[in-house]
Amino acid sequence: MTVPTKVTLTFDNGQPPIELPVLAGNLGPNVIDIRDLSKLGFLTYDPGFMSTASCNSSISFIDGEAGLLYYRGYPIEQLAQHSDFIEVSYLLIHGELPTSEEKVAFDKTMRRHTMLHDQINTVFRGFRRDAHPMAVLVGVTGALSAFYHDSIDVFDARNREISAYRLIAKVSTIAAMSYKYNMGEPFVYPQNRLGYAENFLYMMFSMPSEPYVVNPVAARALDKILVLHADHEQNASTSTVRLAGSSGANPFACIAAGMASLWGPLHGGANEAVLKMLEDIGDVSRIPEYINRAKDKSNSFRLMGFGHRIYKNMDPRAAVMRQTCHELLNELQLTEDPLFKIALELERIAAQDEYFISRKLYPNVDFYSGIVFRALGIPPSMFTAIFALARTVGWVAQWNEMLAENNHRIGRPRQHYNGAARRDYVPVAERV
Ligand code: ACO
């Protein structure tokens, strides 16, 4: 079928019809341009943004039916196999893969921005030791806005670039420090001789009292997780960053807002829930019981790590993560890990079950990432923080794209008002 160039909206009150242009996307759904509707006194109603394209973007693309994810046109499988997080960061921010010189220069810049202002240590000390690392990450990232007063003209491209580099490099240090603080261990400074994932593991797990060598297998697996989570179109946290940033707000504060949105269990917290579910199942023999609970409509239990709002096919990130999970557990000789055995058997049984097949419920990326994190020795409380440091790249790329637009406007959704009509104030003594 050919793509229409316009649609006609008719009214049942005799009002003349209007034509609305159709914007063809390079890939994905075509978009009806409704901007003129408000001039006619109409708004559109779309809670949850199920049918709303909130912006133009050329950063990432998802085809949920086909199970595809592209970053700047490159399939995620190719990037996960051949690229690395630093190169993917360059790609998302600058739009093209770097040349070898550009990659070396970018990597060097990232390594040189990892340190935090020394006074940030004092900010940490204000938190309770048992604070959730995400609470600390949101707070300290927001606090960076009080430390970097230069280069915050968000309408200047070079200023935005510097802020982007600072954010990507420093969020990793803050995330590792929030873990150390939680554990009551001394902070470990970044080592700029190490790559991004390696440095993060070093800051998390090393102690000043003894030498620590990062396992390259672990660093590679973490790097892959970071690549897979770097961007994902206009999800809740990315849309939060865009809306916060649309007013010209400080970039560190905008990214902290995105982190706050990511923290929610409906967004970044599912992999923690997968691990808990596998622990609850406890033994392969109990899997049928849990499958039956998931299928029982009178029971609110769902199989954690299965299903996705957009992907109605295998989430391409899950396919990569599944392979990484196998490789990592083999290399670390953890294939006898009971949780991994339960996960594999659960996946096998669900793949043959009519309930899951007919509803297109496949394992999602969270199903495997929790097991990979566990094998790396990363505690569940840090899962979302690591997701946040990966997604910081996508957030800054999207924030930059928005502010670079010629016709940039503040984001300001409207509403369908269903409250009281005008009424007059009643003094308290006269109220019944
Ligand atoms: N287990 C059992 N049944 C499920 C599951 C599940 N995990 N997911 C969906 N279903 C069923 C629903 O009960 C519904 O059945 P019905 O048609 O008989 O009523 C049908 O599949 C469609 O489900 P919806 O809720 O309409 O799907 P939606 O797109 O709204 O939800 C979601 C997607 C929230 C991810 C859901 O699949 C879910 O809760 N999964 C478990 C949590 C999870 O893994 N979240 C991580 C998502 S990935 C990420 O955020 C990176």
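So the values come out like this:
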| read-out | value |
| --- | --- |
| Only one of MET134, MET110 that is farther than 24 Å from PRO216 by Cβ, touching a residue at least 60 places away in the same chain (Cβ under 8 Å), open to solvent by less than 20 Å² (accessible area, probe 1.4 Å) and part of a helix (DSSP H, G or I) | MET134 |
| Total residues in segment 207-225, condition within 30 Å of GLN78 (Cα to Cα) and either surrounded by fewer than 21 Cβ atoms within 10 Å (Cβ to Cβ) or of a type in the set (A, V, I, L, M) (or both) | 11 |
| Subset of segment 269-314 (residues that are near the ligand (Cβ under 7 Å from one of its atoms) and assigned to a loop (DSSP other than H, G, I, E, B)) | LYS297, ARG302, LEU303, MET304, GLY305, GLY307, HIS308, ARG309 |
| Any hit, segment 31-52, residues being in contact (Cβ under 8 Å) with a residue 24 or more places away in the chain, more than 16 Å from ASP231 (Cβ to Cβ) and of a type in the set (Val, Ile, Thr) | yes |
| Residue within segment 381-403 that is more than 13 Å from the ligand (Cβ to nearest atom), in contact with a Lys or Arg (Cβ under 6 Å, 6 or more places away or on another chain) and either open to solvent by 10 Å² or more (accessible area, probe 1.4 Å) or not in a helix (DSSP H, G or I) (or both) present | yes |
| Segment 385-401 residues that are under 13 Å from ALA169 (Cα atoms) and among the aliphatic types (A, V, I, L, M), paired with ones that are modelled with pLDDT of 95 or more and open to solvent by 10 Å² or more (accessible area, probe 1.4 Å) (beta carbon under 8 Å, 6 or more apart) | VAL393/ILE93; VAL396/ILE93 |
| Filtered residues of segment 29-38 (kept if within 14 Å of CYS55 (Cα to Cα), open to solvent by 40 Å² or more (accessible area, probe 1.4 Å) and not β-branched (Val, Ile, Thr)) | PRO29, ASN30, ARG35 |
| Filtered residues of segment 409-432 (kept if loosely packed, with under 14 Cβ neighbours inside 10 Å and either in contact with a Leu (Cβ under 6 Å, 6 or more places away or on another chain) or under 30 Å from ARG72 (Cβ atoms) (or both)) | ARG409, ILE410, ARG412, PRO413, ARG414 |
| Residue selected from segment 226-239 under the condition of a type outside the set (Gly, Ala, Ser) and open to solvent by 10 Å² or more (accessible area, probe 1.4 Å), by the criterion farthest from MET50 (Cα to Cα) | HIS232 |
| First in segment 305-324 and free of Cβ contacts under 8 Å to residues at least 24 places away in the same chain, second anywhere and open to solvent by 10 Å² or more (accessible area, probe 1.4 Å) and more than 8 Å from the ligand (Cβ to nearest atom), Cβ under 6 Å, 6 or more apart | none |
| Index of the failed condition, THR392 passing every other in (1) hydroxyl-bearing (Ser, Thr, Tyr); (2) at pLDDT below 95; (3) within 27 Å of ARG72 (Cβ to Cβ) | (2) |
| Unmet requirement for PRO21, which otherwise passes all of (1) closer than 25 Å to ALA388 by Cβ; (2) surrounded by 14 or more Cβ atoms within 10 Å (Cβ to Cβ) | (1) |
| Qualifying residue in segment 240-263 (condition: within 12 Å of the ligand (Cβ to nearest atom), aliphatic (A, V, I, L, M) and buried (at least 18 other Cβ atoms within 10 Å of the Cβ)) | yes |
| Selection count, segment 364-375, where residues are of a type in the set (A, V, I, L, M) and open to solvent by 20 Å² or more (accessible area, probe 1.4 Å) | 1 |
| LEU344 without any contact (Cβ under 8 Å) to a residue 12 or more places away in the chain and more than 30 Å from THR238 (Cα to Cα) | yes |
| Positions within segment 1-42 being among the hydroxyl-bearing types (Ser, Thr, Tyr) and at pLDDT below 90, in sequence order | THR2, SER38 |
| Residue within segment 333-341 that is closer than 29 Å to MET177 by Cβ and among the polar types (S, T, N, Q) present | no |
| Which numbered condition SER298 misses (of (1) open to solvent by 90 Å² or more (accessible area, probe 1.4 Å); (2) in contact with a helix residue (DSSP H, G or I) (Cβ under 8 Å, 6 or more places away or on another chain); (3) without any contact (Cβ under 8 Å) to a residue 40 or more places away in the chain) | (2) |
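The values are calculated or read from the model by the stated rules, or taken from the named source; none is laboratory data. The model shown is predicted, which means the values in this text are computed figures rather than measured ones. Neighbour counts are summed over all protein chains in view; Cβ atoms, including those assigned to glycine, are modelled from backbone coordinates with ideal geometry. Surface areas here come from the heavy atoms of the whole protein model, side chains and all, with no ligands, DNA or RNA. Shrake-Rupley method; radii C 1.70, N 1.55, O 1.52, S 1.80 Å.
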